[in-house]
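Asks: Structure below; questions to follow.
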Amino acid sequence: MSIFLLFVFAVVVEKMILIVVLFTITLGVAAYSTYGERKIAAFMQDRIGPDRAGPWGLLQPIADGVKMFTKEDFMPNQAEKWLYILAPGAFIFVACMTSAVIPWGTQLTLFGGSIDLQVTNINIGILYIMGFVSLGVYGIMIGGWASNNKYSLYGAIRASSQMISYELAMGLALISVVMISGSLSLRDIAEQQTGFGWNIIYQPLGFIIFFTCALAECNRAPFDMAECETELIGGYHTEYSSMKLGFFLFAEYINMFISCAVISTLYFGGYNFPGLDPAWLGGLMGPIVLFAKIFFFIFVFMWIRWTLPRFRYDQLMHLGWKSLIPLAILNMVLTGGGILLFGN
Amino acid sequence: MTLAIFLTLAVVSVFFSLLMVFTKNPIHSVLYLILTFFSIAAHYILLNAQFLAVVHIIVYAGAIMVLFLFVLMLLNLNKDTEPQKSVGWKFAAAIAAGLLLLTFLGALKGSIQLQQVANADPAVGLVKNLGTVLFRDFVVPFEIAGILFLAAMVGAVLVGKRDLKI
Amino acid sequence: MQLTNRSVHVVNKKMNFWERIYLPAILKGMSITIRHFFMKPATVKYPDQHREFAPVFRGWHVLKRDEQGRENCTACGLCAVACPAEAITMVAEEREKGEEHLYKEEKYAAVYEINMLRCIFCGLCEEACPKEAIFLTDRIVPSDYARDGFIFGKDMLVEGTTPDKRIDVTKRQKHVQEPKWASETAK
């Protein structure tokens, strides 16, 4: 009995360490995404970008964090106090939760033991992510409504209708991937894509749909209608200041990081790369490969943001409902036909 | 252990449902309802039906409740604009609800014997088994439900179309 | 009437298939931005590096001294007369005995003020000056919180005596030519 308890304790400690490490990495990546965003924007506009804090401005995220914490924490007079406080917390909580099911690598061999590089391998990983993505709307909606400001409410409504619309196409694109792999577990999907068997080869259309929807779900340009500075003065976080605003902005970067991880896992082989065994370097090769892919996609996200102008709202809805959803259904039918004709 | 978790969850879900009914502010009401859905999803997980739990969250908490919240925020209901029904209406509503409850009780009486389900297959709620059951044993009701939804969708599109020429 | 040959006639034609799916246009745009990603930045890191101004740039005025460190200005008032914005005021005073090392001529400006908020940096004072005493330099007038701070007295205008505090105006001296009519009347 005591051995069993010890075993349980060891597993819990192992998972706790993994969760803490994962959290640190997620927050670190999100923080440095802000730096990367500004640098990439600068380079694309023939500028230099932040270069005052530390060498090449590398300490800029820390300076920003200190700034956020020390700014005045303002609350509108007529705001719903508790909901106003709850919203940013809910948003960042939901954003952080999704990282639990992503397989970061196969196994890490450490001190003679081995650790699964995934917090939990539930057999409905994809649905879990979809669930939390769909909950992400609440932080925005509650925040926008509780601020008691017209612009905030507009931003919240735009954000939520946009996210609901694009979730449908996203789910339909996902179904094709699930049909190919025959599993809802992200670990299984990643394991099936060893070598060159990446899903992007079988699902080019699905990938484009999923990628577009991921942009929309992250509220990033060209779909950043929700915070659209020129029309809504910042949208749902107009009335927020200090670290509450910081939470909103931070959660968006976390969302982007997780989206890139999901895209890499679903369509680009996850921790697999032809010629590189994810078990190399004591299992560290897997995470290295996956992170390389994630950083590439984060770069692409930013690249798109600094290239494309914002869609108009009706164009956004047209694209979502009249183009992406029919295309996703077509993709589903084609995938089904392909599986029927060629087997697996 | 399981019983303790179940009791906690049950108390939590009943508590939030009551809050949902008794709060004055409709937005708060919707938020409490969402919390209720979460506790119900936790019940599903307790029954090892992860698929149902997640689908429950996606469909109810993630989609339907968002739309509810959406409408309520746009209507901006508050105490001043709350429609006041007369006493007669309230009386009629109470009688109607009581009659409905009585009908349900009468229909359920005797038709259901509480059975011990602890010996059932614990894997029955997993995706694989659920899919098999849905597409093998209940394929006709499943497809009929699908057609029903399709019809509803077509109807919604027709209603939503602006200049319709039939 | 066409003012330039760059005007484009707007055609609201229906988009074809490739234009409607956006992707080719998006890829084209992305190729442009990635090209700029590797280009040399056009930034001049301002407080550290200064961009060279054009020789005609007219900024913060300087009241010159001669080689022996004496003020050139003789408070004749021609600059104040020439100034279209009426930004210059001065009070003249006679040079006392023992002040020959300070002022070049017998008369000098005890007070010389330019209101930088009025000044339009036209450079007419520079042209009017017969003694080569006032020049507009390539220094930018600093900002301030109150209006008082923009009335520059002699402490802000007269250059220092030590060589490192001298202000180089050779470019302006070359640039300031005698007006045409002056040479013509001389003939």
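No lab work stands behind these numbers, since they all come straight from the coordinates. Quick caveat, the model's predicted, so the values are computed rather than measured. We place every Cβ from the backbone using ideal geometry, glycine too, and count neighbours over all the protein chains shown.
Asks: In the Gaussian network model of chain A, springs joining C-alpha atoms below 10 Å, which of A:T120, A:T212, A:T265 carries the largest mean-square fluctuation?
Replies: Residue with maximal mean-square fluctuation among A:T120, A:T212, A:T265: A:T120.
Asks: Let me ask something else about it. Taking square-rooted eigenvalues a ≥ b ≥ c of the alpha carbon gyration tensor, is the range C:61-182 rounded, prolate or oblate, where a/c under 1.5 means rounded and, failing that, a/b exceeding b/c means prolate?
Replies: In terms of gyration-tensor shape, rounded.
Asks: Can you list the residues of the range C:153-170 with backbone N under 19 Å from a point 7 Å past the Cα of C:E52, pointing along Cα to Cβ?
Replies: Within reach of a label on C:E52, which here means backbone N under 19 Å from a point 7 Å along Cα→Cβ, the range C:153-170 contributes C:168-170.
Asks: Cysteines without a disulfide-compatible partner in chain C, using Cβ under 4.7 Å as the rule?
Replies: C:C73, C:C76, C:C83, C:C119, C:C122, C:C129
Asks: To continue, here is another question. Give the angle, between 0 and 90 degrees and rounded to the nearest 10, that separates the Cα long axis of helix C:23-37 from the longest principal axis of the Cα atoms of chain C.
Replies: 30
Asks: For a quick check, take a GNM of chain C with Cα springs below 10 Å and name the residue from C:M39, C:M116, C:M156 with the largest mean-square fluctuation.
Replies: For chain C, modelled as a Gaussian network with Cα springs under 10 Å, the answer is C:M39.
Asks: With a 10 Å cut-off between alpha carbons and a GNM built on chain A, which of A:L174, A:L59, A:L27 moves the most?
Replies: A:L59
Asks: State, to one decimal in nm, how far the label point of C:S31 lies from the label point of C:K131, with both points 7 Å from Cα in the Cβ direction.
Replies: 6.8
Asks: OK, next. FRET efficiency for A:I201 and A:V300, Cβ-Cβ distance as r, R0 = 25 Å, nearest 0.05?
Replies: 0.85
Asks: Something else now. How far is the Cα center of the range A:194-270 from the Cα center of the range B:135-164, in Å?
Replies: Their Cα centres are 31 Å away from one another.
Asks: Please state the shape class of chain A: rounded when a/c is under 1.5, otherwise prolate if a/b exceeds b/c and oblate if not, all from the C-alpha gyration tensor.
Replies: Since a/c reaches 1.5 but b/c is at least a/b, the shape of chain A is classed as oblate.
Asks: To continue, here is another question. Give a residue-ordered list of calculated ³J(HN,Hα) values for the range C:102-114 (Karplus: 6.51 cos²θ - 1.76 cosθ + 1.60, θ = phi - 60°; whole Hz; x for Gly, Pro).
Replies: For the range C:102-114, the Karplus-derived couplings read 9, 10, 6, 9, 6, 10, 8, 8, 6, 10, 9, 10, 10 Hz, x marking Gly and Pro.
Asks: To the nearest 0.05, how large is the calculated FRET efficiency for C:K45 and A:K67 if R₀ is 30 Å and r is the Cβ-Cβ distance?
Replies: My answer for the efficiency is 0.85.
Asks: Another question about this same structure. Quick check on my link table: of C:K97/C:K165; A:K67/C:K40; A:K15/B:K128; A:K67/A:K293; C:K64/C:K104, which ones sit more than 22 Å apart, alpha carbon to alpha carbon?
Replies: Exceeds cut-off: C:K97/C:K165; A:K67/C:K40; A:K15/B:K128; A:K67/A:K293.
Asks: Taking a label point 7 Å from the Cα of C:E93 along the Cα→Cβ vector, which residues of the range C:113-137 have an amide N closer than 17 Å to it?
Replies: Taking a point 7 Å out along Cα→Cβ of C:E93, the residues of the range C:113-137 whose backbone N falls under 17 Å are C:113-114.
Asks: Karplus couplings for the range A:309-321 from phi (6.51 cos²θ - 1.76 cosθ + 1.60, θ = phi - 60°), rounded to Hz, Gly and Pro as x?
Replies: x, 6, 6, 7, 5, 5, 4, 4, 5, 4, 4, x, 7
Asks: Can you compute 3J(HN,Hα) from phi for each residue in the range A:60-77, using the Karplus curve 6.51 cos²θ - 1.76 cosθ + 1.60 with θ = phi - 60°, rounded to whole Hz and x for Gly and Pro?
Replies: Calculated HN-Hα couplings, in order: 4, x, 5, 4, 4, x, 4, 4, 4, 5, 8, 6, 5, 8, 9, 10, x, 4 Hz.
Asks: Let me ask something additional. Under 22 Å from the Cα of C:K14, which lysines turn up, not counting those fewer than eight places away in the same chain?
Replies: A:K322, C:K28
Asks: Right, something else. Mind giving me the nanometre distance, one decimal, between the label points for B:A152 and B:A94, set 7 Å out from Cα along Cα→Cβ?
Replies: Result: 3.3 nm between the two label points.
Asks: When a/c is below 1.5 the answer is rounded, else prolate if a/b is larger than b/c, else oblate, so apply that to the range B:1-78 with a ≥ b ≥ c taken from the square roots of the Cα gyration tensor eigenvalues.
Replies: oblate
Asks: Please give the Cα centre distance for the range A:42-83 versus the range C:36-61, rounded to the nearest Å.
Replies: One Cα centre to the other: 27 Å.
Asks: Name the long-range amide H neighbours of C:A92: under 5 Å, sequence gap of 5 or more, or other chain; modelled H, no Pro or chain starts.
Replies: Here C:A110 satisfy the definition.
Asks: I've got another one for you. Using 0.36 nm per residue of separation minus the Cα-Cα distance, give me the extension gain between B:L46 and B:E143 in nm, one decimal.
Replies: Here the segment from B:L46 to B:E143 would lengthen by 32.0 nm.
Asks: I would also like to ask the following. Please find the FRET efficiency linking A:M179 to B:A107, where r is the Cβ-Cβ separation and R0 is fixed at 41 Å, and quote it to the nearest 0.05.
Replies: The formula returns an efficiency of 0.50 here.
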